Amino acid sequence: METKVRVRFAPSPTGPLHIGGVRTALFNFLFAKKHGGDFVLRIEDTDQNRYVEGAEDYIVESLNWCGIPFDEGPGKERENGPYRQSERKAVYRKYAEKLVENGYAYYAFDTAETLDFHRKDHEAKGKTFIYNWHNRLKLKNSLSLSKEEVEQLIQNGDEYVIRFKSPENETILLNDLVRGEITIDTSILDDKVLFKSDGMPTYHLANIVDDHLMEITHVIRGEEWLPSLALHYMLYRSFGWEAPIFAHLPLILKPSGKGKLSKRDGDALGFPVFPLEWRDPKNGDIAKGFREEGYLPEALINFLAFLGWNPGTEQEIFSIDELVEAFSFDKVNKAGSRFDPDKVKWFNHHYIQNSTDVQLAKILQSSRAELKEMDPQYIELVAGLVKERANLTSDLWDLTRYFFKAPRDYDETAIKKAIKDDTATILSKVRDIVVHLHEFTKDNIESQVKEWIKTEGLGFGKVMMPLRVALVGSLQGIDVFEIMFLIGKNESVSRIEKLIQSI
Ligand code: GLU
């Protein structure tokens, strides 16, 4: 029987999930679904100092909003749980000890001061301090001390960590689905800490042990983890476990293409880099989210899929099911991909056009308290009329507000352009025409007003511009006669009068 594909997304709850994390989750989801496998969420919260309140809920909500839910994880327990590393604490020590017993790891008693001294000393000489084969026998650990000395130190309650004993002079052959074969000379690696003096495992140990216990078949993660791959391979080998297959996804670059995309780029250039809005629990700072800014999850997902992957055809619009169908690692690039804020808007515009009026009306109605009691059919109608102009769902209110409310004030440039000495007289006449209309239909309003303009020999703009300003508050909006028909006779008259009075 073929083994079932099992992948995991393993974020640390240190803050809001960056868009790069969502991309990693997406590629895991696509790969799992393509192969009928499981998508596991594991929360890597072994670093207590970096734990941020609310971050886990944020991750879960983000995945759900994006439409890439996990099959197994916190709150969706199966036999491989628990899924928070802090709840698996008891598991890790015995694995670290096992490595020590078998000669793959050792206890190290060097104090923070000693290590700091070596670091600074090296720095002063323009070198980097690396704790490994070339100096480990000169440092304070179970390789340099006798068995008795080690026992004594442990009995005394001296703090120690467990370090991996990186082999000297070995070439390790690594395999990656995106990068192919990579060789690493182990001589350059340091003896990474696997288990800390506070009784917690480090990322490396917990990650490998959990991937093994959770029966993960493919590890799909960001390129920033590539430097850890050699250690991870060696850990699997030391435990005598089969390593999963690895795929390291390319970096997401700034819009300029220079360097990794960061939160600051979003702030500086005015686009979100997080799926949902995030309020920093420490200082209350708000970071923008795609959801709140008016993006549809389908658009964000379609956009993210193309950050590092392409179908090899001209097709750009993909539903999530189509992405699952088309996804494969041989179409994932090695090179970083540039984050293009215009492109995500382009996708969003497309998905808004493809949304039904009912869907858009729901979004619009739920976004504004004043629309709560409004007739949903009216909202659907006006949403449908303006949607081709919307790049963001948050544009919908600006594009439709005049269907619901009289303008409170008027756009200054529009007033300058539209209001002349005779405007009040002209608008009064239009009002009279409207008041006397028996059948208040768009066609009727239009033909009556236009006929009058013609007989008076007036310029079209002289009438239509102020009329638009009266109805909309600016020179924006759909066809003036259509607006009048939709808001009704009384409202049209009252808006015209209001502008006359304010002239
Ligand atoms: N906890 C790591 C992170 O925050 C997981 C990396 C991995 O997937 O191995 O990204």
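Quick look at the values:
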quantity: Qualifying positions in segment 314-350 - surrounded by fewer than 17 Cβ atoms within 10 Å (Cβ to Cβ), of a type in the set (A, V, I, L, M, F, W, C) and under 20 Å from ARG291 (Cα atoms); calculated: ILE317, TRP346
quantity: Selection within segment 6-40 - part of a strand (DSSP E or B) and surrounded by 24 or more Cβ atoms within 10 Å (Cβ to Cβ); calculated: VAL7, ARG8, PHE9, VAL40
quantity: Residue tally, condition closer than 19 Å to LYS196 by Cα, of a type in the set (D, E, K, R) and loosely packed, with under 14 Cβ neighbours inside 10 Å, over segment 140-158; calculated: 1
quantity: Matching residues, segment 406-422, being surrounded by 12 or more Cβ atoms within 10 Å (Cβ to Cβ) and of a type in the set (Lys, Arg); calculated: LYS417, LYS420
quantity: Tally, over segment 279-313, of residues that are in a helix (DSSP H, G or I), under 25 Å from ILE220 (Cα atoms) and open to solvent by 20 Å² or more (accessible area, probe 1.4 Å); calculated: 2
quantity: Failed item in (1) of a type outside the set (Val, Ile, Thr); (2) within 14 Å of the ligand (Cβ to nearest atom); (3) part of a helix (DSSP H, G or I), with ALA90 passing the rest; calculated: (2)
quantity: Which numbered condition LYS89 fails, given (1) more than 28 Å from LYS263 (Cα to Cα); (2) modelled with pLDDT under 95; (3) buried (at least 17 other Cβ atoms within 10 Å of the Cβ); calculated: (3)
quantity: Test: residue in segment 192-209 that is touching a Pro at 6+ places or on another chain (Cβ under 9 Å) and closer than 19 Å to LEU115 by Cβ; calculated: yes
quantity: Strands (runs of 3 or more DSSP E) wholly inside segment 164-244 that include at least 1 residues being of a type in the set (Gly, Ala, Ser), open to solvent by less than 30 Å² (accessible area, probe 1.4 Å) and within 13 Å of the ligand (Cβ to nearest atom); calculated: 218-222
quantity: Residues (touching a Phe, Trp or Tyr at 6+ places or on another chain (Cβ under 9 Å), part of a loop (DSSP other than H, G, I, E, B) and not acidic (Asp, Glu)) located in segment 68-82; calculated: ILE68, PRO69, PHE70, PRO74, GLY75
quantity: Which numbered condition PRO250 misses (of (1) open to solvent by less than 10 Å² (accessible area, probe 1.4 Å); (2) more than 16 Å from the ligand (Cβ to nearest atom)); calculated: (2)
quantity: Contacts under 6 angstrom Cβ, first residue in segment 218-245 being over 21 Å from LEU189 (Cα atoms), partner within 11 Å of the ligand (Cβ to nearest atom) and among the aromatic types (Phe, Trp, Tyr), 6 or more apart; calculated: VAL219/PHE246
quantity: Matching residues in segment 351-373 - criterion: being open to solvent by less than 60 Å² (accessible area, probe 1.4 Å) and of a type outside the set (Gly, Ala, Ser); calculated: TYR351, ILE352, GLN353, ASP357, LEU360, ILE363, LEU364, GLN365, LEU371
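The values are calculated or read from the model by the stated rules, or taken from the named source; none is laboratory data. Note that this is a predicted model, so its numbers are computed, not measured. Using ideal geometry, Cβ is built from the backbone for each residue, glycine included, and neighbour counts are taken over all protein chains shown. SASA here: full protein model, heavy atoms, side chains in, ligands and nucleic acids out. Shrake-Rupley method; radii C 1.70, N 1.55, O 1.52, S 1.80 Å.
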